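Colleague: Below is a structure I'd like to ask you about.
The values are calculated or read from the model by the stated rules, or taken from the named source; none is laboratory data. Computed from a prediction, not measured in an experiment: that's the story for all the values here. Because the Cβ atoms are built from the backbone with ideal geometry, glycine has one as well, and the counts that use them run over all protein chains shown.
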Amino acid sequence: MIKLAGALLVLFAGTMIGFYQAGRFAARPRQLAQLAYVLQRLETEISYGYTPLPEALLRAAESGVEPVAGVLREAARRLAEQPDSSFRESWEAAVTDRWGDTAMRSNEQTIVLRLGPVLGISDREDQMKHLRLALLQLKSEEEAAREDQTRYEKMSKSLGLLLAALIVILMM
């Protein structure tokens, strides 16, 4: 009886691990699209609204959803709490701290981190140019993430169950 309960727990745990990994494959393209949308809003706030950067970050974050909006909120919070630090320092700290909450990978993080030295320092046109470049790069990453999702999502679910079944067979 205990062996059966243990086997069922192992099967359940393996299946849930597979579904968790599949969920991350599904969340990544959604979060990349949301990040692109939020950066477009930030571009609009800077170019058309002539909004100061901390306020523009908060307004752009309002249009987004977690965990992507949390990155912008954290950067705005750090700017407000530490007025003597540069935008680059606040941006990099916020991205580094909050990136673990997302399903995105390090290459997307690198794209976002590249905005730190440019935003708030250069003129409006240069900022727009860098934001558009980041958006193009994120769009290509989103396409790759969608391909990964179709390729690996179903496999992750099946692999979690099959590996759990293998462990149960080896235990018996």
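Colleague: Take Leu161 and tell me if it is exposed (fewer than 14 other Cβ atoms within 10 Å of the Cβ) and more than 20 Å from Ala75 (Cβ to Cβ).
Modeller: Answer is no for this residue.
Colleague: Right, next: Take the conditions surrounded by 18 or more Cβ atoms within 10 Å (Cβ to Cβ), in a helix (DSSP H, G or I) and hydroxyl-bearing (Ser, Thr, Tyr) and apply them to Ser156. Does it pass?
Modeller: yes
Colleague: Which one of these is more than 18 Å from Leu138 (Cβ to Cβ) and among the hydrophobic types (A, V, I, L, M, F, W, C): Phe12, Phe25?
Modeller: Just one listed residue meets the conditions, Phe12.
Colleague: In segment 94-108, which residue that is among the hydrophobic types (A, V, I, L, M, F, W, C) and under 18 Å from Leu133 (Cβ atoms) is surrounded by the fewest Cβ atoms within 10 Å (Cβ to Cβ)? Lay out the reasoning, then the answer.
Modeller: Initially, segment 94-108 is screened for residues among the hydrophobic types (A, V, I, L, M, F, W, C), giving 94-95, 99, 103-104.
Filter once more, so that each one left must be under 18 Å from Leu133 (Cβ atoms): 95, 104.
Working: Val95: 20, Met104: 24.
Only one residue tops the list, namely Val95.
Colleague: Would you call Ile111 surrounded by 17 or more Cβ atoms within 10 Å (Cβ to Cβ) and either in a loop (DSSP other than H, G, I, E, B) or of a type outside the set (Phe, Trp, Tyr) (or both)?
Modeller: In short, yes.
Colleague: Looking at Arg78, Arg30, Arg24, Arg88, which is the one that is assigned to a helix (DSSP H, G or I), touching a Leu at 6+ places or on another chain (Cβ under 9 Å) and basic (Lys, Arg)?
Modeller: Only one candidate passes the filter, namely Arg88.
To keep it simple, each residue is scored yes or no on (1) crowded, with 17+ Cβ neighbours inside 10 Å; (2) in contact with a Gly (Cβ under 8 Å, 6 or more places away or on another chain).
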site: Met16; (1), (2): no, yes
site: Pro29; (1), (2): yes, no
site: Pro52; (1), (2): no, no
site: Ser63; (1), (2): no, no
site: Pro67; (1), (2): yes, no
site: Leu72; (1), (2): yes, yes
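Colleague: Sticking with this structure for a sec: Can you pull out the residues in segment 47-59 that are farther than 20 Å from Ser85 by Cβ and assigned to a helix (DSSP H, G or I)?
Modeller: Ser47, Arg59
Colleague: For segment 85-110, which positions are modelled with pLDDT under 85 and of a type in the set (A, V, I, L, M)?
Modeller: Quick first cut of segment 85-110, residues modelled with pLDDT under 85 only: 85-87, 103.
Listed by number, the list holds a single entry, Ala103.
Colleague: Are any residues in segment 24-56 without any contact (Cβ under 8 Å) to a residue 24 or more places away in the chain and closer than 17 Å to Asp148 by Cβ, and if so, which ones?
Modeller: The one that is without any contact (Cβ under 8 Å) to a residue 24 or more places away in the chain and closer than 17 Å to Asp148 by Cβ: Arg30.
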